[in-house]
Structure formats: structure tokens, C-alpha cells
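Written out below as C-alpha cells is the structure these notes cover.
The values are calculated or read from the model by the stated rules, or taken from the named source; none is laboratory data. Values in this document were obtained by computation on a predicted structure and should not be read as measured data. As a convention, Cβ positions derive from the backbone with ideal geometry for all residues, glycine included, and neighbour counts pool all protein chains shown. Side chains are part of the model used for accessible areas, which takes the heavy atoms of the whole protein and leaves out ligands, DNA and RNA. Shrake-Rupley method; radii C 1.70, N 1.55, O 1.52, S 1.80 Å.
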Amino acid sequence: RAPSGRELPSRPGGRPAVDPLPGAAGLTATAWVEAVAGLTRPDDVVWVDGTDAWRRTLTRTMVETGTLIPLNPELRPGSYLARSAPSDVARVEARTFICSEHEDDAGPTNNWREPAVMRAELRGAFDGSMRGRTMYVVPFSMGPVGGALSKLGVQVTDSPYAALSMLTMTRVSPEVLRRVAAGEEFVPCVHSVGAPLVAGDGTRTEDVPWPCNDLKYIVQFPQSREIWSYGSGYGGNALLGKKCFALRIASAMARDEGWLAEHMLLIRVTTPEGRPYHVAAAFPSACGKTNLAMLQPTLPGWKVETLGDDIVWMKPDADGRLRAVNPESGFFGVAPGTGETTNPVAVETLRKDVIFTNVALTDDGDVWWEGLTPEVPDHLVDWQGNDWTPADGRPAAHPNSRFTVAAAQCPTIADDWESPEGVPVDAIVFGGRRATNVPLVAQAYSWAHGVFLGATVSSERTAAAEGKVGELRRDPFAMLPFAGYNMADHWAHWLRVGDALAPETRPKVFQVNWFRRGSDGSFLWPGFGENARVLAWMVRQVEQTRPDRLGSARGGARPSPVGLVPDADALDTTGLDLADGALDELFSVDPERWRGECDLTEEFFAVFGERVPAALRDQLRHLRDRLDDE
Ligand code: GTP
Ligand code: SPV
Ligand code: MN
């Protein structure tokens, strides 16, 4: 029943097993699951179909082991707090691997290992890694079940935390289980925390609330479309539908199939005249996607609805329009900084049925994090379970503490957020966290210029991944840690997709930066709800090119070396209390500093050698020319 050459030697007392590395090719889901169990040797194997009974069972299991701490049901019904191991708090980019046949196909920005070598290593790591534990099998759909852009996956995991989180973040249902069992194609995703409860000599150890291993592997095989994750229980390392599948594997599928898998939020902006536009925006991790996705416009008459906050899949339709869906069904959002003044919609979304990870616990059994309320509680239990008072001077919540919650609970979620055909995209936005140089907003001169803006995004590092917070790094398309193939090929792919779009409705491309700072170090722009002013300008710019839709709009832009920027009064700042000269500073483009940026871009492009599309090298030249003309 197994393809030849994949028999493992029989284990003492066991039957001959099929080798699940590589992947599930040629195997039914059941045979593949059996093969993974043969390698990892859990005590039990159970299939999870996403019903409420399963949610209750997984939750009860984790309350018993101390993984989940029930919150006060009067204050936060149906909600729990998880505290991770102190070392397991973020994505581990140094241990993330793209194992394509050829190193060049992974590209210089990914860690590459030869597939056969990695398979042998993984076979060692996963051998018996689930002993003494239950293996949960979670069949899931990314995107509405059966939708044209949707894809199926099956995650096996020995972490009930990962299993339960997958029920919120992806679509798990008896229907998905039926499809997988009926033989529909799925992406095999194997996850183990790497902490067996039974040792090689048969001795049993006690479980801990957050099992994990110091050794970690987050491995993608883009050719065989499979995922193997070992040693971590956290977020993007462990909920394999998210970054591993919906970005790394999906981006490789998308390249082959003519669509795009991107680290983007998705919103509908409706003008005061009632005209809807869809905006997809890519910002690096912890740079404002969830906040923009839930934005409450401060401009009268404008409306913003939420469609997605982290990942977008988009594809040209038969009319040459780019159509987008959010493949996820929940939010795994950053807690710190989320409060009544910054993101009231998120605060409302989090009233009930939430799993919080690594936030602080209040004395009355609720949660708290820096920025939730202006007043700081006198006493808390911090994210590591220690007593905390403001005098301690350290954050009570981990900077990358997160909430996991169903998208359907969001008060601004669009009625049609699950529509399988998706929404037409009118504007694409690239952003980063830049204290200097990058203006508040600029519009690309062309699609190729837009791809250049995406390719050259740089941003200060955040707590969402291991590394030094604040350090400036390139994060092209906000996809640096998430591209499943050579980043320069990704740029070429974007240029190709642009060619496949109808020119009249091809999305306009913009760059934004909410994080520019003045000489005193404070943010020049108030951000959050006020970002609606920038959205409004972008939408008016889109309307400029759709003459049938020009309304009472104040539009207007003037050229700058880096792109079109708003005309003197085209950006509505009515009622805004900006510091003196802030607006000028927000849009200032210093030619000398920008020549420095160009030099850095040139160095960055050099890393990719010949694979950088000529059109992007042209764009760099045009930028230098425009700077010289200043
Ligand atoms: P990931 O989930 O890691 O992909 O992050 P994200 O891009 O969704 O970022 P998120 O919206 O969670 O914001 C991250 C941090 O940036 C939070 O602490 C926010 O409060 C802060 N932030 C978001 N938008 C703005 C803004 O417009 N201005 C300022 N100053 N801070 C912002
Ligand atoms: C990110 O880091 O971009 C996140 C969190 O959205 S994680 O799911 O851990 O990738
Ligand atoms: Mn993200």
C-alpha cells in the first residue's frame, strides 16, 4: 500500500510502518496519519472535527494540566490565560528552514537545507517524540470550505493548545473532515512540542503546563508541500495553518498557479457617498495590521469594515480584477498597545471566548497588558506567574503577548467576510516602522514602482520574532520571514501578476509610515483611528482614475522623488492637533539621506544577483534621477 522504498524497519513489538517523510504523496489521510503515529508513537490518536464538544474536551484537558488558567467568568466569560515557557514566546526565524531541491530556489534570505539531509534530521527528532501523549489530528480549511481559492490541510499535533487554537484560527468542521477522508488534496502538517512523557527506557515523567524543547525546527518543503514543526508550542511556530501553510507553502503554490499569498490585512473602506473600496496592506509583524484592520475612522461619514488582519490570498479573476480572501477565521493579535483609545474594536472583540497567551493576570481574575488601560493596576501576576507591582519596572505582559479570538466576534467584521469569491482589491499598501526618511504616505507612479516600494520595505525589528528589537532591517513585502521561495522571484511574480490585471481596475499601490518621529523622539503622526485620513486620501486617488465615481472629493497629489504625495490640503487634517511643522516633517524627503537609502537598496539587491528583475533596477535608477532633479 505504500509507494516502494518507503518502508521503515519494523519496530520491536510494532508492525512495519510507512515512512511519513516525505509527506503524504500517494497516501490517504488515514494512512499518512498512521505513518506519522508510527514514527512519533503517541499513546492515542484522535481526530478532531471542530465541534463544541471538542472545544470543551481540549479546554478541560488543558485546565487539568495547568496549561490554561480559567479567567473570571463574570469579567471574561469563556476565556483562559496560557503562560508559555519563558523561552518559547515568538517565532524562531533562525530555526525556520525552506527545503527546496535547489538552494537558489529558497534564496539568500531563507535558511536552506538539502531536503534529504533535513528529512533524516527530522526523522531523528520526531522518532518517539509524542510518546506518552495524545496525537490530535485536525483537518482544516484555509479559506471558506470549498471556495475557489481555498485549500485543505491536516495538522497532527501533540499540543492541545495548538489543536484548540487551530479550531479558532482555521475552519475545522465535520464537512472538512469528510472532504479529507474522501481523498481531497491536503497539505500535511506535522507538529510536536518535542517533549515525550515516556523516555526510551520506559520511565514516565510528569507533564508541565507548557512543554517544549530547546531544539526547534520549523521546516517547509515547498516542492512536496509539507510542513514539519518541532520543539515550540507558540503561535506561528505551532499553528501550522498560519505562517507555515498560508504564507510559506501557499506562496510557492501561488507562484506556480498565478496568484499571491501575502502577509496583509484586508478592509473595506466606504466613502461618505456610499462607494466601497477594498484595501490590502502589508506591514511587517507587529507594525499595525490588526489595528488598521479594525480602524474606527475619525473622519465623519467614512466607514471601515474588517475582512482580515494578517494574511490575504488574491488572484486575478476572469475580468482581470484582483480578488482577495482572508484564508483565516480568527485573529492571533498583539495584546500590548491594544486599548480603548487605540483599538476599541479589538477591546470589544475580546469580551468573551478568548485565549490570552503571556499577558498579565489581575487580582480579580481578568487580564491586563501595557496599554490596555491608562491606569496601571497596583498589583498583578506577570506573564511568567510572578507577583508584579508598577515599581518592578519591567513589563507585566510579554511584549509579544497575544490574543486568539474568532473573527466572527469582531463588531466591524464585514457581513460577507466569508464569501468564497472574495472581494476586488482597489489599493495595495506597503508599510514599515521607520523613525526617519519614509513619508507618511506616497503613491507609486506605476505597478512596477509599487513592486519596487514593496521590495524595498525596511522596518525596525519588533518582539514578534527573536532578535534585537529596534534594529533596522529589510523586510520586502513584509514577507522576509514568510516567503517560501526566492524573494527576488517573488518580485518577478508580482510584476507578472500585474500584467495579468486589467489596467483600468489594477490596484493602485501606496507606501505608508505611521511611525516617523520628530526631533524630540515622539511620533509625528497620531496614528490609529486618524489613519483614516490617509485611507481617505488613497481612496480619492483611486477615484481619480475611475471618472464615473468622482464625487465631492478633494483629491490631488504632487510628485516627490519617492512617489506622489498629497497636495497641500488634499489630506484632511481638520480637527487634528499636530505639532508645529509636523506635517512638513512627515512628508519631507531629504535628497541626501535618500541617496543613502538608494545605496542601501543597491547593496540589498546585490544579495540576489541576477535574479532581481530588470524593471526593479530601472526603478532604482528612476528614483536616483528624481532625487538628482530635486
Ligand atoms: P502581527 O500580528 O505580528 O503581524 O502584527 P500587526 O501588524 O497586526 O500589528 P498590530 O496591529 O498588532 O500592532 C502592533 C503594535 O503597533 C501595537 O502595539 C500597536 O499598538 C502599535 N500600532 C499599531 N498601529 C499604530 C499606529 O498607527 N501608530 C502607532 N504609533 N502605533 C501603532
Ligand atoms: C507575526 O509574527 O507576523 C504574527 C504572529 O502574526 S505569528 O503567528 O507568531 O507569526
Ligand atoms: Mn503577522
Counting just the residues of the stretch 269-289 that are touching a residue at least 40 places away in the same chain (Cβ under 8 Å) and within 10 Å of the chain's Cα centre (by Cα), which one comes out farthest from Pro476 (Cα to Cα)?
-> Ala286
Please enumerate the residues belonging to the stretch 352-370 that are within 24 Å of the chain's Cα centre (by Cα), farther than 19 Å from Leu164 by Cβ and open to solvent by 20 Å² or more (accessible area, probe 1.4 Å).
-> Glu370
Looking only at the stretch 371-399, and only at residues there that are touching a Phe, Trp or Tyr at 6+ places or on another chain (Cβ under 9 Å) and touching a residue at least 24 places away in the same chain (Cβ under 8 Å), the one that is farthest from Arg83 (Cα to Cα) = Pro395
Return the residue satisfying two criteria in turn: it lies in the stretch 428-453 and is within 15 Å of ligand 1 (Cβ to nearest atom) and small (Gly, Ala, Ser), and of such residues it is surrounded by the fewest Cβ atoms within 10 Å (Cβ to Cβ).
-> Ala435
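Of the residues Ala391, Ala396, only one is of a type in the set (A, V, I, L, M, F, W, C), more than 21 Å from the chain's Cα centre (by Cα) and assigned to a loop (DSSP other than H, G, I, E, B); which? Walk me through how you get there before you give the answer.
Values: Ala391 fails: assigned to a loop (DSSP other than H, G, I, E, B).
Being of a type in the set (A, V, I, L, M, F, W, C), more than 21 Å from the chain's Cα centre (by Cα) and assigned to a loop (DSSP other than H, G, I, E, B) holds for just one of Ala391, Ala396, which is Ala396.
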Across the stretch 133-170, what is the number of residues that are open to solvent by less than 10 Å² (accessible area, probe 1.4 Å) and of a type in the set (D, E, K, R)?
-> 1
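Just to confirm my filter: which strands (runs of 3 or more DSSP E) fall fully inside the stretch 454-532 and include at least 3 residues that are surrounded by fewer than 22 Cβ atoms within 10 Å (Cβ to Cβ)? Before you say what the answer is, go through the steps one by one.
Working: elements: 458-460, 472-474, 508-512.
Per the criteria, 472-474.
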Out of (1) assigned to a loop (DSSP other than H, G, I, E, B); (2) of a type in the set (A, V, I, L, M, F, W, C); (3) touching a strand residue (DSSP E or B) at 6+ places or on another chain (Cβ under 9 Å), what's the single condition that is false for Ala536?
-> (1)
Name the residue, out of Leu620, Leu627, Leu616, Leu600, that is within 17 Å of Val562 (Cβ to Cβ), hydrophobic (A, V, I, L, M, F, W, C) and either free of Cβ contacts under 8 Å to residues at least 40 places away in the same chain or open to solvent by 80 Å² or more (accessible area, probe 1.4 Å) (or both).
-> Leu600
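Report yes if Val542 is farther than 21 Å from Val438 by Cβ and open to solvent by less than 20 Å² (accessible area, probe 1.4 Å), otherwise no. Steps first, please.
On the way: farther than 21 Å from Val438 by Cβ: yes; open to solvent by less than 20 Å² (accessible area, probe 1.4 Å): yes.
Taking the combined requirement at face value, the residue satisfies it.
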Members of the stretch 594-625 that are closer than 27 Å to Arg533 by Cα and among the basic types (Lys, Arg) | none
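Here is a yes/no grid of residues against (1) more than 9 Å from ligand 1 (Cβ to nearest atom); (2) in contact with a helix residue (DSSP H, G or I) (Cβ under 8 Å, 6 or more places away or on another chain); (3) not hydroxyl-bearing (Ser, Thr, Tyr):
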position	(1), (2), (3)
Gly274	yes, no, yes
Lys289	no, no, yes
Arg323	yes, no, yes
Gly333	no, yes, yes
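Counting only residues that are more than 16 Å from ligand 2 (Cβ to nearest atom) and touching a strand residue (DSSP E or B) at 6+ places or on another chain (Cβ under 6 Å), which one in the stretch 290-306 is nearest to Pro344 (Cα to Cα)?
From the stretch 290-306, those more than 16 Å from ligand 2 (Cβ to nearest atom) are 295-305; that's our starting set.
Of the ones still in play, those that are also touching a strand residue (DSSP E or B) at 6+ places or on another chain (Cβ under 6 Å) are 295, 297, 303-305.
On the way: Leu295: 9, Pro297: 12, Lys303: 15, Val304: 13, Glu305: 14 Å.
Per the stated criteria, the residue is Leu295.
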Arg1: at pLDDT below 85 and either more than 22 Å from Gln220 (Cα to Cα) or open to solvent by 80 Å² or more (accessible area, probe 1.4 Å) (or both), yes or no?
-> yes
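Among the candidates Asp599, Asp584, Asp567, single out the residue that is among the acidic types (Asp, Glu), out of contact with any Ser or Thr (no Cβ under 9 Å at 6 or more places or on another chain) and at pLDDT below 95.
Of Asp599, Asp584, Asp567, the one residue that is among the acidic types (Asp, Glu), out of contact with any Ser or Thr (no Cβ under 9 Å at 6 or more places or on another chain) and at pLDDT below 95 is Asp567.
Check the stretch 298-305 and report whether any residue there is more than 26 Å from Cys244 (Cα to Cα) and within 13 Å of ligand 1 (Cβ to nearest atom).
yes
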Across the stretch 340-351, what is the total count of residues that are of a type outside the set (A, V, I, L, M), open to solvent by less than 50 Å² (accessible area, probe 1.4 Å) and farther than 12 Å from Gly529 by Cβ?
-> 1
From the options Glu466, Glu543, residue that is farther than 28 Å from Asp590 by Cα, away from ligand 1 (no atom under 16 Å from the Cβ) and at pLDDT below 95 = Glu543
Restricting attention to the stretch 459-518, and to residues there that are more than 15 Å from ligand 2 (Cβ to nearest atom) and of a type in the set (Asp, Glu), which single residue is nearest to Pro86 (Cα to Cα)?
-> Glu471
Residue tally, condition within 22 Å of Ala464 (Cα to Cα) and either open to solvent by 50 Å² or more (accessible area, probe 1.4 Å) or away from ligand 2 (no atom under 16 Å from the Cβ) (or both), over the stretch 69-96 = 7
